[in-house]
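Accompanying notes for the structure given below.
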Amino acid sequence: MADDGYNSSLRLPCVFSPKSRQYLASFAQDGRLRIWNTDSKVLHQEYVPSAHLSATCTCIVWGPCRIAKEGPRRKKRKSEAGHVEELADLLALGTVAGSIIIYSAVKGALHCTLDGGHNGGVNCVEWHPEDGLLYSGSDDSYIVEWDLQTSKTRCKWKADRASVTSLCVSPDGKLLLSAGQTIKMWDLKTKEVYRKFTGHSTAVTNLRFATTRPPDSNGLYFVSGAAHDRLISVWQVQEDSNDKNSVVSFTLTDDPQHIDLFTSNSKEEAVRLAVVCKDGQLHLFEHFLNGPCKKPLSPSCTVQMSGLEDIPVPVPLLSAALTADTRSLLLAYGSYLQPVMERLDVNTADRHVCLTRDVHTTLILAMETTVSKVKTPVVNAKSKALFPGLPGHQAPVKAALGSEKRKKGTDTKEMSIEERLGEIDLSLEKGGVKETPSLQTDHFAVLLVQGLESKDANILNNVFQTRKDNLIKKTVSRLPIPAILPLVEEITKRMQGHPYTAVLMVRWLKAVLMQHTSYLSSLPDLVSQLGVLYHVIESRVKMFHKLTKLHGKLYLLMTQVVTGDSGVTDVDHKAKLVYEDASSDEDKASGDEGLPDEDSDNWEEDEAMEDEDREEETEGMRTESKANGDSDMEPGNESEEE
């Protein structure tokens, strides 16, 4: 039995039943549990959990075979009276919601539901080999011990700082292995750590005990496989040694997804191991566990499947199971919705075996020969059916034509198209005002999803032209998770276009980052997916500083121009004061004022010369006055004039 307890969106649980390997339990993308009969290759049962759309299944583990007490029994013959058959009955299904569903394959119905133990999604479930106990690990880093008789928790303790991704109970039921990034061995009586093992750098996805010997004999071994690790490590539980490293390693071609093994009861018995990898190949190992081995061991045989096309296409292997016969092997391959089961005899002398199968023809034959034993629920008339879709988007379900019986005597005359259109116009134009129906938020979300899927530019333009922030926030919040990345890619594409379109796209990008930041941060390849958007934003921000400087300078310049234009009035061009020089001689002299005087030391002589010139001018004026008859003037007056 393999432990498919690692929560991964790329991998779905698919497990064979223990011992007889009579059934195969698989959980497909539609949220349904299907149980296939490996002998008749037909669908045996189908179960739809009540919350299969919201709380998907993360792991499936078969319980230990037991004597079936439920269901009708037929009277046994005397020859069969002493023979009691143990059947694989119970299945434990871990869900994302933190609950565990226990399904009975014998009754074909739900056995019980275990709730209230975890605050996060259940990653792994493990059965106790003898007692009616169940152990579960979750993202909340706790391990819960469940009692199936009361459907309640018996014990709960913190296992690690990180999520618990894998569990395994020892064959004697005394020890429990738990793993996140470190592996711990717990004593189930005291719930204390017995040993610690370190060596994986990523989350451990598979844990299996390889031997049934007691731990104090230094002969207890277990195997482990981790995500993104192409090695299967074998660990030895030693009582006196503190060596925490693995003793043996098996090489793989890809991440291990499914491990099945036959335990070794003694040193003379080899451990048989079958590992299904992520690339769809199966690796078979056989090794005697007796101390450490330095070199990693290669598989003794590798099995790969392909189709019958001209260009071979690999067919993925979903699960594998070892049988009591060392050469026999049970495989499940193809699709999770309709897996193909086949018993195969493998010659381990060949290091590599490639099988060619026509999967499509096998699926058609299997569907034609299927005997329907599927249990479908009885639907009441008052019950309400829920369908996957957008939350809050309610579409009226119309009844089928002809479903209602017509009353006798009723008029079967149908209205013409013109009359119907007239009634529609009347209903819209009540009160004289024609009302236009407005699109609601859920309609916008539906249109946006349709536009992203069909890449219709008209639909996307109609949705992206809205400017209402409240409408944009509600539309983005109602989008399904798979539509977030296509929306971001479309926003990135439109932001590289016209600046007017970029202004509208910034509002949508803001709403996406506010509503779905937690989902985007959980993506492993977020940097590569949002790289173009990051470069666009970086280029815009790099030019923003320069544009801000230019805007500031232009603003100052324009404000000065505006203030200057508003304060200017009509200018009077007439001079308020005009100064004219007395003579041209003074102009000449004024031109030489700035020049240094050559004989500046003889300034007294110059003044004496100027006084003589003035006296000569006065004498000339006197002679002119005498000639004009001014000689009769009194001498006193002359002195006054002088």
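The values are calculated or read from the model by the stated rules, or taken from the named source; none is laboratory data. Computed from a predicted structure; not experimentally measured. The accessibility values were calculated without ligands, DNA or RNA, using every heavy atom of the protein model including side chains. Shrake-Rupley method; radii C 1.70, N 1.55, O 1.52, S 1.80 Å.
Key figures for this structure:
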| item | result |
| --- | --- |
| Relative contact order for the range 175-225, counting Cα pairs under 8 Å that sit 6 or more residues apart, in percent | 27 percent |
| Cα pair distances of the range 444-551 binned at 10 Å [whole percent] | 13, 46, 32, 8, 1 |
| Calculated from backbone phi, Karplus (6.51, -1.76, 1.60) coupling profile of the range 260-266 in Hz, x at Gly/Pro | 9, 8, 9, 5, 9, 8, 8 |
| Solvent-accessible surface ranking, highest first, for Lys546, Lys474, Lys191, Lys576 at 1.4 angstrom | Lys576, Lys546, Lys474, Lys191 |
